[in-house]
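Asks: Could you have a look at this structure, given as structure tokens, before my questions?
The values are calculated or read from the model by the stated rules, or taken from the named source; none is laboratory data. Just so it is clear, the model here is predicted, and its values are computed rather than measured. Every residue, glycine as well, gets a Cβ built from its backbone with ideal geometry; the counts of neighbours run over all protein chains shown.
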Amino acid sequence: MSEARIERLLSDLSELRSYIFINVDKLQSAVQQSELSTKGALNSLEFRLEAILQANLDTFWLLMCSILVFLMQAGFMCLESGLTRRKSSINVALKNLADFGIAVVTFWAFGFGLMYGASYSGLVGTKYFLFFTNVAGYQTYFVFQAMFVATAATIISGAVAERLKFFSYVIITFFTSGIIYPLVGHWIWAFDFSNPAKKFGWLGKLGFIDFAGASVVHSVGGWVALSVLLIVGPRTGRFRKGDETGKKTFQGSNTPMAALGALILWFGWFGFNGGANLAMDLRIPLILINTFMAASAGLISSSIMGIIVMKKPEPMFMITGPIAGLVSITASCAFVSPANAIIIGAIAGILSGSFLVILEKLKIDDVVNAIPVHLICGIWGTLAIAIFGDMEKMGIEISRSQQLYVQLIGIVSIGAFCFISSYIIFYIVNYFYPLRVSKINEELGLNIAEHNASTDTHELLNILGKQVETQDYTLRAPQDSFTETGLIGTQYNRMMYKLEEAEKQKNMWKNRVSNEIKLAMQVQKKLMPDRDMDNYPVFGLNIPAREISGDFYDFYPLDDQIYFNLSDVSGKGVNAGMVMAKAITLFKIFARQQYKPNEILFEMNNDLHQTNPSGTFVTSIIGRYNLKTDEVELANAGHQPALVKSGDNFVEYPSSSTPLGVIKQKSEDAYKLEKFKLDSSRVYCFTDGFSESLDENNNEIGIEGVKKLILKHQNSNLKTELQKATEEIRQKSLKKEYREKGVKENEDILDDDLTIVGIGK
């Protein structure tokens with residue numbers, strides 16, 4: 001092989017080697033690029049999957065929190081219905097049901113747009129009206145915020161309960177949820193959905209912080225509630241003339257239900273605060289811990305306040321305490337430590353208890369204490385975030401004092417806007433369309449007046465009134481073995497069954513009529529207390545002149561007091577017995593509500609005036625004896641004078657007014673309220689069967705004769721004393737034919753009923 005050929009071959013081999021190396025490098029580079037591309041695609045896919053999973057978790061969390069906030073509506077309903085009187089509890093429950101639907105629809109129509117739409121000067125939103133979007137994140141946020149607006153509206157419901165027309169409350173809910181709440185929410189919470197860190201509202205830009213709505217939700221509801229309360233005033237009789245302390249309260253219908261409502265609110269608040277985070281992340285545990293700690297601290301401090309003020313664990317303080325703590329932590333739950341949450345909640349409990357007392361003194365009738373709990377504690381919670389909040393967690397760079405200044409600006413601005421605007425709006429509405437129900441409807445109760453939903457007490461009084469007017473013995477009262485009114489109805493019906501049967505058979509079965517009426521008499525006795533009540537220094541005695549007495553007495557122990565009543569219905573027999581039954585029922589109802597004696601007489605008079613047959617009236621003495629202070633209050637309506645015996649001396653307290661049922665009175669001042677302290681003396685009240693009984697000369701003994709009779713039989717034992725005095729009168733009062741011929745069994749018939757009551761240790 002030639003040398004030239006060999007060189008050519010070597011040159012070709014060199015080129016081939018270079019080609020191979022170049023292509024191997026290209027191949028390696030392509031493989032590396034392919035590996036990098038594949039790894040990037042996998043990393044990108046993993047990132048996208050994590051983002052989708054987190055978004056789904058956030059959506060799920062926010063929807064679950066929305067459900068919890070929805071459950072709070074049931075809590076508010078239980079709380080408010082339990083704290084209102086039975087005659088209006090149905091109305092309160094229905095308002096809570098209605099305001100949720102009204103608030104949500106109004107918020108959808110334009111409230112959400114005003115709150116979160118593109119901002120005009122940081123004051124009001126301008127889009128998202130008739131809200132609709134296919135973006136799940138926006139939809140979820142709308143659902144959550146709709147729950148919030150319903151909460152703000154329902155705060156007002158409990159505060160103004162028992163005096164507003166149903167449609168008045170609908171108007172209030174519309175303006176609150178559609179205008180007032182969205183505008184405040186825009187100032188603080190409005191943001192760019194494409195860039196959540198960008199704030200629209202002027203307070204949000206200023207740096208105002210309210211994590212979950214201490215101001216946006218609770219203070220707004222509290223300010224509106226306060227304005228409405230000042231416009232419509234307190235419930236009739238809530239603060240009575242002469243009651244300087246303002247401590248007079250109405251009894252709620254169901255305190256255990258109110259306590260259940262507080263627990264439901266406590267449970268739902270985890271969604272309220274937890275959902276405000278808008279994401280399922282590592283901040284949630286701290287938020288929930290702080291929520292629980294603040295509520296517990298509020299319960300403890302408020303309960304202690306109740307013990308200090310009321311000397312007992314008072315239910316209202318215990319029920320509202322945890323809610324006060326929950327409201328106060330709402331603004332800062334994501335930014336404070338559990339220890340600080342306890343301090344915030346404890347101070348809130350003290351504030352709510354203190355302002356509860358202050359509102360009483362100011363005579364502002366807030367039924368569920370919404371002002372102390374939601375307004376005052378909402379303001380405190382808004383300030384507390386600047387005092388206790390972690391500045392790094394809040395992401396602010398200004399000092400605490402500067403942040404406190406910003407919070408104060410927000411509080412004052414929100415308060416001024418909400419109170420002034422709502423007061424003007426509802427004052428104008430009230431001028432053209434009175435927000436409050438009539439006094440008659442208020443006394444009747446909103447259950448009936450607004451919803452035609454009757455109660456057992458109203459049905460009982462209605463039946464008794466109709467029977468007095470028509471003498472229709474077939475009418476029956478409502479019966480229920482689990483309520484006091486129902487038990488009275490049951491006993492009354494038993495009596496009426498016996499009377500009806502006797503009336504049907506009186507011509508054919510005269511003997512049987514007598515026996516049946518005796519049974520009715522036994523039932524009537526059950527309406528009156530078989531109460532010497534050994535544990536109480538009181539005793540009463542009634543001996544009817546005929547089978548059914550027109551006289552009656554009653555004792556009603558309540559806490560450290562005993563209400564007592566002695567009355568005489570004009571006439572005898574069935575009519576008098578029916579009027580008596582109704583009067584007993586009225587006495588029990590108003591005594592249970594802790595009315596003063598003159599107030600009870602006033603209410604009884606006006607009711608009896610409407611229903612009594614013409615010419616029928618009732619003379620009555622009603623008193624209240626305080627076992628601790630030994631003080632007695634009494635009022636006399638056309639009755640024999642009450643006698644107070646000290647030693648051998650008597651002081652008389654005569655009547656200065658007409659009997660009950662004669663004329664309609666305009667004020668409880670028509671019945672003079674007497675007050676005195678017993679100091680080892682005794683009070684005696686008696687019917688005219690005593691004073692009109694005859695002495696041995698056939699002359700009436702009069703009041704002086706009754707005094708002598710009491711002195712004659714005075715005894716350290718009140719029961720023995722009254723029994724002996726009454727027996728002497730009974731013997732003197734027997735009709736002449738029975739005195740001459742003797743009294744046979746079942747023939748103890750007197751000229752008049754004999755009834756006497758004694759009070760004193």
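Asks: Kindly provide the set of residues from the range 153-171 that are in a helix (DSSP H, G or I) and in contact with a strand residue (DSSP E or B) (Cβ under 8 Å, 6 or more places away or on another chain), ordered by number.
Replies: Filtering the range 153-171 down to residues in a helix (DSSP H, G or I) leaves 153-159, 166-171.
Result: S168, single match.
Asks: With the condition kept exactly as written, say whether any residue in the range 117-132 is in a helix (DSSP H, G or I), in contact with a Phe, Trp or Tyr (Cβ under 7 Å, 6 or more places away or on another chain), within 23 Å of G222 (Cα to Cα) and among the aliphatic types (A, V, I, L, M).
Replies: Filtering the range 117-132 down to residues in a helix (DSSP H, G or I) leaves none.
Taking every residue of the range 117-132 in turn, none turns out to be in a helix (DSSP H, G or I), in contact with a Phe, Trp or Tyr (Cβ under 7 Å, 6 or more places away or on another chain), within 23 Å of G222 (Cα to Cα) and among the aliphatic types (A, V, I, L, M).
Asks: Could you pull out the residue among I329, I371 that is over 22 Å from L286 (Cα atoms) and either surrounded by 23 or more Cβ atoms within 10 Å (Cβ to Cβ) or out of contact with any strand residue (DSSP E or B) (no Cβ under 9 Å at 6 or more places or on another chain) (or both)? Please lay out each step first, then the result.
Replies: On the way: I329 fails: over 22 Å from L286 (Cα atoms).
The unique qualifying residue is I371.
Asks: Could I ask something else about it? Quickly run through the range 621-637 and pick out the residues that are under 20 Å from D551 (Cα atoms) and within 33 Å of the chain's Cα centre (by Cα). So that I can check it myself, show each step before the final result.
Replies: So in the range 621-637, the residues under 20 Å from D551 (Cα atoms) come out as 621-624, 634-637.
Result: I621, I622, G623, R624, L634, A635.
Asks: Within the range 647-666, track down each residue that is in a loop (DSSP other than H, G, I, E, B) and polar (S, T, N, Q). Explain how you work it out, then say what you get.
Replies: So the first thing to find is which residues in the range 647-666 are in a loop (DSSP other than H, G, I, E, B), and the list is 647-648, 654-659, 661-666.
Within the range 647-666, S655, S656, S657, T658, Q665 qualify.
Asks: Any chance you could count how many residues in the range 94-113 are free of Cβ contacts under 8 Å to residues at least 60 places away in the same chain and surrounded by 23 or more Cβ atoms within 10 Å (Cβ to Cβ)?
Replies: 1
Asks: Same structure, new question: For T720, are the conditions met, namely being without any contact (Cβ under 8 Å) to a residue 24 or more places away in the chain and either surrounded by fewer than 14 Cβ atoms within 10 Å (Cβ to Cβ) or in the same structural domain as N649 (by TED's automatic domain parsing) (or both)?
Replies: Working: without any contact (Cβ under 8 Å) to a residue 24 or more places away in the chain: yes; either surrounded by fewer than 14 Cβ atoms within 10 Å (Cβ to Cβ) or in the same structural domain as N649 (by TED's automatic domain parsing) (or both): yes.
Yes, satisfied.
Asks: Does A384 count as under 26 Å from R283 (Cβ atoms), touching a residue at least 40 places away in the same chain (Cβ under 8 Å) and of a type in the set (G, A, S)? Even if it seems obvious, please write down each step before you answer.
Replies: Working: under 26 Å from R283 (Cβ atoms): yes; touching a residue at least 40 places away in the same chain (Cβ under 8 Å): yes; of a type in the set (G, A, S): yes.
Yes.
Asks: Assess whether G137 counts as being in contact with a strand residue (DSSP E or B) (Cβ under 8 Å, 6 or more places away or on another chain) and more than 30 Å from E442 (Cα to Cα).
Replies: Numbers: in contact with a strand residue (DSSP E or B) (Cβ under 8 Å, 6 or more places away or on another chain): no; more than 30 Å from E442 (Cα to Cα): yes.
The answer is no for G137.
Asks: Every residue in the range 638-671 that is more than 19 Å from F617 (Cα to Cα), within 41 Å of the chain's Cα centre (by Cα) and either among the basic types (K, R) or surrounded by fewer than 19 Cβ atoms within 10 Å (Cβ to Cβ) (or both), please.
Replies: D669
Asks: Okay, next question. Among the listed residues L461, L487, identify the single one that is buried (at least 18 other Cβ atoms within 10 Å of the Cβ) and at pLDDT below 70.
Replies: Working: L487 fails: buried (at least 18 other Cβ atoms within 10 Å of the Cβ).
Result of the check over L461, L487: L461.
Asks: Is the range 304-315 home to any residue that is farther than 16 Å from G381 by Cα and among the small types (G, A, S)? Before the answer, list the steps.
Replies: Applying the first criterion (farther than 16 Å from G381 by Cα) to the range 304-315 yields 304-315.
Narrowing further to those that are among the small types (G, A, S): 306.
Yes, that holds for at least one residue.
Results for (1) of a type in the set (A, V, I, L, M, F, W, C); (2) farther than 20 Å from F191 by Cβ; (3) at pLDDT 90 or above, shown as yes or no for each residue.
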| residue | (1), (2), (3) |
| --- | --- |
| V105 | yes, yes, yes |
| F110 | yes, no, yes |
| G117 | no, no, no |
| A152 | yes, no, no |
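Asks: Can you tell me which residue among F417, F388, F432 is among the aromatic types (F, W, Y), in the same structural domain as S81 (by TED's automatic domain parsing) and closer than 18 Å to G221 by Cβ? I'd like the intermediate steps shown before the answer.
Replies: On the way: F388 fails: closer than 18 Å to G221 by Cβ; F432 fails: closer than 18 Å to G221 by Cβ.
Sole residue among the options that is among the aromatic types (F, W, Y), in the same structural domain as S81 (by TED's automatic domain parsing) and closer than 18 Å to G221 by Cβ: F417.
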